[in-house]
Structures are given as C-alpha cells and as structure tokens.
Amino acid sequence: MQAHASRSTASVRWLVLICLLPGCRPHPQPPAMQSITQLSAEAFSADPLQVRLARAVDAADASAVEAAVRAGADVHAWGADGYSILYWAMSRRNVDGFDLLLKHGADITGEYRDPAVAKDPRSRDFVIRLALEVPDIRYLRAGLRHGLHPDYVLDTASNESLLFLASRRHNEAAADMLLDAGAAIEHQNHLGYTALGEAMLRRDFKTMWFLMGHGAEPVTGREQRSDVISLLKQYGSRGVRPEQREYFEKVVDELVRRGLLTRQDIVEADKPKGAVPGVEAGGTVIEHSPLSEAGQAIRQLDTSEREAAARGK
C-alpha cells in the first residue's frame, strides 16, 4: 500500500494555479468606507474621551489630539462599531489625523476591527494591508515615518514582507516607497521565493519587469529551485495571459541578454510533455500549486528521488 502511494504521488506534477496562490483569492473587504465618512465624531464611541479624540482627529488638530491623549483617550481603543480609530481616520480620508494617531502610538500593524466583535477571521484584516491597497500611499508614508519597518512581516507563517503584499496588489507606488525606505528586494518567503519569484508563480510579468528594473535578482533561490530561471525553464510561456505577453517578452529578452536564459529554453518548456511515468494512458494527472501542501510534499519527494539517484551513480 505504501509503495503504491509513493508511486501515485511521484506521478503527480505540480503547476502554477493562480487561484490557489495566497493573496490571489479575494479576501473580505471592510464595509464601505462611505458609511463611516457620513458619521459624526459622536458616533465613534459612547466614551466621551474617545469622542473627544475622534473629534480632534477629524480636525487634524495636533494640540487637541495631544490633550485628549493626556486626558486618557486611548489611541488603541475600539469604537462603538468595533473599528479602530486608525481605520476611522482612513475611512474619512484623513491622512493628517491618521498621522497624528501614529505619532501618539497607534499601531498600523494592528487589526482594523475588534477581534472580539469580528470573531470570524475572514471578516478581519490589518490596517497596514489596507494601507497597501488604497491608492493614497500617504498612509504608508506616515507608517514608515513613525517606525514601521519596510521589511515588516505581517504573517510569520508565510514570512512575506510588505513588498510581497504591495507587489501582489500591483501597488507600484507603495513598492517604490518601501524600496526607497530600505526594503530588502531579495527577502525570501517560507518557500524560498522572493517577491520576484512569487510574481513569476502568479504569471505576473508586469510586476516582474517592475521589480527587475529595481534590481531584483532572478537567480535568488537557485539552491531550492525557487529562482525565476528555474521556473521559466519549467513553465515557459504556459499560462501567460494576453495582457501579460508584452512583459513576458521583455523579461525573457532581458534574461537572454544577461546570458541567464535562452529562447530555446522557453521552446523546450513549451513542448507537450510525454507520458507521465506510473500513470496509465488516459489517466488523470493532478496538478498542484507549488505553494499548496500537496505541491510542497511533491517537491520534497522529487528532491529526495533526485538525491537518491545521484547517490546511486
């Protein structure tokens, strides 16, 4: 039974499936910010001190915010609807008020909604992620000015830095700002992919072109075969969407120019593959994302088999 399971697993081939990649699936968005925009400061909280702070934030009055905090108002307190006051300021497009809250210790990396109210994790998110998604990058600038590390990792399990998040959301202005602040462009996630490699997995060649223009190295992760060159030699032009074709060609041309790739590599990768060992004709080949648990297990198995074969030579 064990031998049969190993043969079956060995026959499986993993391929990039965009819908399975973390961050490519739509995550729940916060309620329409317009509804908060229309509220008065008194609606923020039943606590008079927090109302005082909300009013001062609305006015972007530095001395009034400082006075409210000195009087006991809490920049970490949740409002009546369970939202943080940072989110309150962001919803009201109040960058100056947002900045003042950060100055007094509000946490841009914290959740925007009270976990005690939003018990379902799918209905929660973080202020910093929202700051990377909205077009106005002044919220990110305020965070960096008040101590946010440009390589901050929101999810320690994935070990993806803010650059990954900005790149995934195609927020080039935010990515530029992070890099200007010193973000490590070669930061690798838990699977060894850089933001460049992760963009390759998404077949997002426009983002790849942007990152390469900022110095991202296509060979980082070579030891783990998580580098861009290995991925292109494996997948070639498969899965390239029409709107990405121009950037695919630019990326490939640049890598050919650097001597890291040949056009024949792409041709070979694009050729129909022969029968898969261990799978009967007409059988189904299950393909997994390299970021899924199955994809990781298959990759480990393939590595073990290659190492065993090398030892046997």
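No lab work stands behind these numbers, since they all come straight from the coordinates. Note that the structure is predicted; figures quoted are calculated from it, not measured. With ideal geometry, Cβ positions are generated from the backbone for all residues, glycine too; neighbour counts draw on all protein chains shown.
Observations on the model:
- Cβ-based charge dipole, the stretch 25-280, positive-most Cα from 82, 218, 194: 218
- Total formal charge among the other residues, if their Cβ is under 13 angstrom from that of residue 39, Lys/Arg +1 and Asp/Glu -1: -1
- Charge context of residue 116, other residues only, Cβ under 13 angstrom, K/R +1, D/E -1: -1
- Length, then width, then depth: along the principal axes, the Cα atoms of the stretch 122-179 run 26, 21, 20 Å.
- Non-local lysine pairs in the stretch 25-280, meaning eight or more places apart or on different chains, with alpha-carbon distances under 23 Å, amount to 6.
- Seen from residue 203, the other residues with C-beta closer than 9 Å to its C-beta sum to a net charge of +2, counting Lys and Arg as +1 and Asp and Glu as -1.
- Packing-based order for 256-265, 66-75, 97-106, using average beta carbon neighbours within 10 Å, highest first: 97-106, 66-75, 256-265
- Sequence ranges 175-187, 236-248, ranked by mean other-Cβ count within 10 angstrom, highest first: 175-187, 236-248
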